[in-house]
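The values are calculated or read from the model by the stated rules, or taken from the named source; none is laboratory data. All of these numbers come straight from a predicted model, not from anything done at the bench. FYI the Cβ positions are ideal-geometry reconstructions off the backbone, even for glycines, and counts take in every protein chain you see. Note: accessible area is taken over every heavy atom of the protein model, side chains too, but ligands, DNA and RNA are not part of it. Shrake-Rupley method; radii C 1.70, N 1.55, O 1.52, S 1.80 Å.
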Amino acid sequence: MLWPEMDAQQALADLTEISSQIQAAVVFDDTGKVAASTLGDSPRAAELAQAAGGLLAAAEAVKPGESALTQLEVATGEGSVFVVRAGKTVIAATTGSNPTAGLVFYDLKSALRNVRPKPAAKKPAATTKSAAAKKTATAAKKKAAARKPATRKKPDAP
């Protein structure tokens, strides 16, 4: 699985809380494996994921250009299906008729950002000086200190 299941489920819960237009939603990977769904039973979630994957594949086959398809809306008189893909993670949602498409896409992309795994933080490479390097650095400091003329203040100087 590409993500922790609770994160995907929480992202969908947040999505349905902020978007009144979403009727059902599912998060799945590029193999069709469902990570989370707003639908009660897993067969319906798998069916929505399979249908959304099929829509993506069909649209990918006829789209112009070489860039990957990242979002799709299919509208009928009864409602719409929205699909957003980022890498191997996909989110699909159904709405009623005449949804505000821009807002639905925005909400789906926001939810998808919350689902996608966070990149691992890069740790700085540990630098360890060898004993010889430490001796060289210490010797260089001593030479630099020896070159500086000693300056003393007179006891009565302000």
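Descriptive notes on the structure:
- Backbone N atoms of the stretch 62-77 closer than 19 Å to the 7 Å Cα→Cβ label point of ASN98 belong to residues 74-77.
- Alpha carbon centroid spacing (whole Å) that separates the stretch 90-110 from the stretch 29-67: 15 Å
- Using the 1.4 Å probe convention, the accessible area of the stretch 25-115 works out to 50 Å² per residue with neighbouring protein chains retained.
- If R0 equals 22 Å, the separation of the Cβ atoms of ALA75 and GLN50 corresponds to a calculated FRET efficiency of about 0.65.
- Rolling a 1.4 Å probe over the protein heavy atoms leaves LEU103 with an accessible area of roughly 80 Å².
- Given R0 = 41 Å, the distance between the Cβ atoms of LYS88 and SER20 translates into a calculated FRET efficiency of 0.90.
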